[in-house]
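This report concerns only the one structure given below.
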Amino acid sequence: MAQQTLHSRTAVVTGAASGIGEAVARRLVADGARVALLARRRDRLERLAAELGPNALAVPADVTDQASVDDARRQVRAAFGRVDLVVNAAGVMLPNPVDDGRIDEWTRMIDTNVTGVLRVIGAFGPDLVAAAAAGATADLLNVSSIGAHVVFPNYAVYGATKAAVTQLSAALRAEYGPRDVRVTSVEPGLTDTELGSHIDNPALGPDGQLGAMFDAIGALSPADVADLVGYVVSRPRHVNLRHVVVLPTRQA
Ligand SMILES: NC(=O)c1ccc[n+]([C@@H]2O[C@H](COP(=O)([O-])OP(=O)(O)OC[C@H]3O[C@@H](n4cnc5c(N)ncnc54)[C@H](OP(=O)(O)O)[C@@H]3O)[C@@H](O)[C@H]2O)c1
C-alpha cells in the first residue's frame, strides 16, 4: 500500500470506467483521496466503487452532455463537498484517413476530447480556485497524448484534439497559476487500454496499424501512467509539473 499522501484530497476522475482513468482512480484512492468516478458505463463505475470502498463514488456522466456534467457536479458536491483535484482522462481515438470525411468521428472526438474537458473544467474549476484560496493544494490534470506532438498517418484529427488539450493546459496556467491552482498536461505514449477498441476500420485497429505499433514498441500499463499522476499531485503545493511525457522505452 502506498503512503497515504492524499488523505485530505477530493478528486474527480473522468474516464474512470477503464484504462488510464480507472488506474488513476485506483491510485488516488490507495493514496488516501476521496474520488468521484465519472464515465458513461454505470455498471463499470459501480463495480469499481464497490471494490474501492467508501472513498469512491460512482457518478455516471457523459462529458459531451452539459446537463449530465451539471448533474454530476451536483452529485459530487452533495456526497463529497468541494473538489481540489480534477483528472480529465475521458477520451476517444477514432483514426481514419482525412479523405474519408468522417465528420461523425471528427465531431465525436472534438466533443469528447476538447469540449468535454472544457465542460469538466467549467463545472469543477471554481472548486479548484476556491480550494487553493482556502490554502489547500489544488490540481487540474489533463490527459493529452504524445500524439499532440508526433504525427501518425490517419490520426490527424485525434492529434489535433490532443494538441488542443496540451495548449489549453499550458494557457490555463496563466489563469490558474497566479491563484495557486496547478495545471499539468500528461502526455502518455502507447498504453494498453480499450482506446483502440472503437476503431471501425480493420486496417487501422488492433489487428492492423495499431496492433503493429503494439508489436513493435510494446506499451505502458495504465498503472504506469497512474503512478506518474500520483507523483505529480503529491509534490509540495508550490511545485507544478507543467508538462509530463511518458513513453514506453521503445517508442521514439
Ligand atoms: N491508450 C493510449 O495509448 C493513450 C495514449 C495517450 C493518451 N491517451 C489518452 O488517455 C485517455 C484515457 O484513454 P484510455 O487509453 O484509458 O482508453 P479507454 O480505456 O478507452 O478509456 C477512455 C475512458 O473515457 C470514457 N469516456 C469516453 N467517452 C466518454 C464520454 N462521452 N463521457 C464520459 N466518459 C467517456 C470511457 O468510459 P465510458 O465508455 O463508460 O464512458 C473510458 O472510461 C484518453 O484521453 C486518451 O486519449 C491514451
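The values are calculated or read from the model by the stated rules, or taken from the named source; none is laboratory data. What you see is a predicted model, and the numbers here were worked out from it, not measured in a lab. Using ideal geometry, Cβ is built from the backbone for each residue, glycine included, and neighbour counts are taken over all protein chains shown. Areas reflect the complete protein model, heavy atoms only, side chains present, ligands, DNA and RNA absent. Shrake-Rupley method; radii C 1.70, N 1.55, O 1.52, S 1.80 Å.
Scanning segment 169-194 for residues that are within 13 Å of the ligand (Cβ to nearest atom) and either open to solvent by 40 Å² or more (accessible area, probe 1.4 Å) or in contact with a His (Cβ under 8 Å, 6 or more places away or on another chain) (or both) turns up 169, 185, 187, 192, 193, 194. Within segment 66-86, not a single residue is of a type in the set (A, V, I, L, M, F, W, C), more than 30 Å from residue 234 (Cβ to Cβ) and open to solvent by less than 20 Å² (accessible area, probe 1.4 Å). Is at least one residue of segment 152-167 modelled with pLDDT under 95, within 14 Å of the ligand (Cβ to nearest atom) and either buried (at least 22 other Cβ atoms within 10 Å of the Cβ) or not small (Gly, Ala, Ser) (or both)? Looking for residues that are modelled with pLDDT under 95, within 14 Å of the ligand (Cβ to nearest atom) and either buried (at least 22 other Cβ atoms within 10 Å of the Cβ) or not small (Gly, Ala, Ser) (or both), one finds at least one in segment 152-167, hence yes.
Set side by side, the residues 203, 219 differ, and just one is of a type in the set (A, V, I, L, M), open to solvent by 20 Å² or more (accessible area, probe 1.4 Å), without any contact (Cβ under 8 Å) to a residue 40 or more places away in the chain and within 11 Å of the ligand (Cβ to nearest atom), which is 219.
When segment 127-144 is filtered for residues that are more than 16 Å from the ligand (Cβ to nearest atom) and farther than 14 Å from residue 242 by Cβ, the ones remaining, listed by number, are 127, 128, 129, 130, 131, 132, 133, 134, 135, 136, 137, 138.
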